[in-house]
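Below is one structure, written out as structure tokens; the observations come after it.
The values are calculated or read from the model by the stated rules, or taken from the named source; none is laboratory data. Keep in mind it's a predicted model, so treat the numbers as computed, not measured. When we count neighbours, we look across all protein chains shown, and the Cβ atoms used for this are built from the backbone with ideal geometry, even at glycine.
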Amino acid sequence: MAVNSANVAVGKPKLSVSGGVLVAPMGTTRPSTYSGTYDPAYVSVGYVGEDGVTESSERSTEEIRAWGGDKVRTVQTEFGTNLEFTLIESRNAEALKLVFGADNVAEAAGEITVKRNSKVLPHVQFIIDMLDGENSRHLDVGRGQVVEVGEITYVDGEAIAYTLTVSCDPDENNDTLIERIQVSSSGS
């Protein structure tokens, strides 16, 4: 198989759709292909910081050894997928709902009120949409939950930002994340 530089892509956000991250309530119709439109329940949570989105997967294994010490098998004992990204639109109600929970954010009369409390953040669906010229892809998370919010710093000269860790929990098909990559004849 020959090499092809058209197969090299970057994770640039599809800004015409969102800042790259779309969120919808559980039960929203998920895409089944890359092409097409998204259910209108998916809303943008605004710009993501310059470090983009980081996906990490964790696999834990255990070695089974026979009497005498020979390794005879390795079994997987754990698996998980997380996403991490930083939201930088601190005046965006949709972003704040993701960070603090929709029940904790109210918007009325030109003011947003955000409550901090111990309520568990709900599961939501995510689409991370990317477009790099003709290279298009998205990450589809059917059951994600913000499990960590980094320190929030209020300082002159820096955007007020929310660094989130999202646990991608298994969906109805036991998939934690689905990546769809549009492949055209020029990129194959």
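Restricting attention to segment 131-152, the residues being surrounded by fewer than 14 Cβ atoms within 10 Å (Cβ to Cβ) and either among the hydrophobic types (A, V, I, L, M, F, W, C) or modelled with pLDDT under 95 (or both) number 4. State which residue is farthest from the chain's Cα centre (by Cα) when the search covers only segment 8-42 and only residues that are outside any loop (DSSP other than H, G, I, E, B) and within 15 Å of Met130 (Cα to Cα). So, considering only residues that are outside any loop (DSSP other than H, G, I, E, B) and within 15 Å of Met130 (Cα to Cα), the one farthest from the chain's Cα centre (by Cα) is Pro13.
Selection of segment 61-89 for residues being within 18 Å of the chain's Cα centre (by Cα) and not hydrophobic (A, V, I, L, M, F, W, C) yields Gly80, Thr81, Asn82, Glu84, Thr86, Glu89. Considering segment 113-128, and only residues there that are farther than 14 Å from Leu83 by Cβ and outside any loop (DSSP other than H, G, I, E, B), the residue that is farthest from the chain's Cα centre (by Cα) turns out to be Thr113.
The set of residues from segment 46-95 being buried (at least 19 other Cβ atoms within 10 Å of the Cβ), among the small types (Gly, Ala, Ser) and out of contact with any strand residue (DSSP E or B) (no Cβ under 8 Å at 6 or more places or on another chain) is empty. Screening the candidates Asp103, Asp51 for the property of being over 17 Å from Ile178 (Cα atoms) and either of a type in the set (Ser, Thr, Tyr) or in a loop (DSSP other than H, G, I, E, B) (or both) yields one hit, Asp51. When the residues of segment 129-188 are filtered to those that are more than 17 Å from the chain's Cα centre (by Cα) and outside any loop (DSSP other than H, G, I, E, B), which remaining residue is nearest to Thr86 (Cα to Cα)? Once the filter is applied, the top-ranked residue is Asp132. Tyr38 passes every criterion in (1) at negative phi; (2) loosely packed, with under 10 Cβ neighbours inside 10 Å apart from (2). Return yes when Val72 is at pLDDT 90 or above and closer than 22 Å to Glu151 by Cβ and no when it is not. No: the conditions fail for Val72.
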